[in-house]
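Step one of this worksheet: look at the structure below.
The values are calculated or read from the model by the stated rules, or taken from the named source; none is laboratory data. For clarity, every value in this text was computed on a predicted model and none was experimentally measured. Ideal geometry is used to build each Cβ from the backbone, glycine not excepted, and the neighbour counts take in all protein chains shown. The protein model used for the area step is the full one, side chains on, heavy atoms only, and it has no ligands, DNA or RNA in it. Shrake-Rupley method; radii C 1.70, N 1.55, O 1.52, S 1.80 Å.
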Amino acid sequence: MSECNMVCASFRFYEELNDFLAPALRFRSVARRCAEGATTKHMIEALGVPHTEVELILVNGESVGFDRPLCEGDRVSVYPVFESLDITPLLRVRAQPLRETRFVADAHLGGLARLLRLLGFDTRFDNHFADAEIVRLSVAERRIVLTRDRELLKRREVTHGCYLHALVPQAQCRELVARLDLAGSARPFSLCLECNAPLRPLARAAALGRVPDGVAARHRRFVTCDACGRVFWEGSHWQRMRQVVGELLGR
């Protein structure tokens, strides 16, 4: 491509978005040549930042969307999700928030999926989900994609996604709870950890024969999953899970 068909724009990324950049590009303004007509989305992802991590883009101080073509001399400032600053008057890069917080986790996040279900968040997961199926579910069921694969989050169809920086499930879950402010909407022990289906109360009489005799004698409260048929009660394992819930929610 000839130089006459190129434009030069400068880019500055803020806060945790710098984690996606090469070390030499972090926390500073960098100039980049790009094709005339290239969009903000194209160049942001070319520099390594998935579009799902971006909440606000300013070009020359003006709030713009992902489809804004870049022009010679543009100054592009890119921001992550804001936790404390009210940016209501500005244009967020997604048309609307998700009405419900639901997730689809990629094949390496089974432990995180179980912890999110423990907290009551509808989370689809299967070891055999290919990337295309994860994208399909995120679009069809309006789910947030959870992954450590940056390229998955760069797919055009994905509108909501989170890159997990932590490596182990509990740390990943705490990271997600803090980033999306999930503590207030958690409903612990409302979903089956295996099936992701809602749990419902089960009368003690109906639990007889489905739980060990000693459990039936000691407990009065039971819940069941209609999808897999499992029955649960508030035993020692439940007490340990309560402690895990408290740690995950910062209580």
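Scoring 139-147, 187-195, 207-215 by mean Cβ neighbours within 10 Å over their residues and listing the highest first yields 139-147, 187-195, 207-215.
Bridge orientation summary for the chain: considering DSSP beta bridges with both residues in this region, about 65 percent are antiparallel.
Computed from label points 7 Å out along Cα-Cβ, the spacing between Arg204 and Met6 is 7.8 nm. Here r is the Cβ-Cβ distance between Ala46 and Arg251 and R0 is 41 Å; the resulting FRET efficiency, rounded to 0.05, is 0.45.
Rounded, prolate or oblate, given the Cα gyration tensor of the range 113-164, with a/c below 1.5 counting as rounded? Here the range 113-164 falls in the prolate category. Taking all protein chains together and a 1.4 Å probe, the residues Glu234, Glu36 rank Glu36, Glu234 from largest to smallest accessible area. The distance from the alpha carbon centre of the range 54-75 to that of the range 189-204 is 46 Å, rounded to a whole number. Taking a Cβ cut-off of under 13 Å around Met241, the surrounding Lys, Arg, Asp and Glu residues balance to a net charge of +2, with basic ones at +1 and acidic ones at -1.
In the range 101-187, the ratio of gyration radius to Kirkwood radius, Rg to Rh, stands at 0.92 when only Cα atoms are counted.
Extension gain, Arg156 to His108: 0.36 nm times the residue separation minus the Cα-Cα distance gives 15.1 nm. Within the shell defined by Cβ-Cβ distances under 11 Å, the residues around Ala140 carry a net charge of +1, with Lys and Arg each +1 and Asp and Glu each -1. Dividing the helix sum by the residues of the chain, where each DSSP H run of 4 or more adds -39500 (n - 2.57), gives a mean residue ellipticity at 222 nm of -7000 deg cm²/dmol. Using a/c under 1.5 as the rounded threshold, could you call the range 112-251 rounded, prolate or oblate? The axes a ≥ b ≥ c are square roots of the C-alpha gyration tensor eigenvalues, and prolate needs a/b larger than b/c, oblate otherwise. Prolate, because a/c is 1.5 or more and a/b exceeds b/c. Charge tally around Pro69: other residues with Cβ under 14 Å, Lys/Arg +1 each, Asp/Glu -1 each, net -3.
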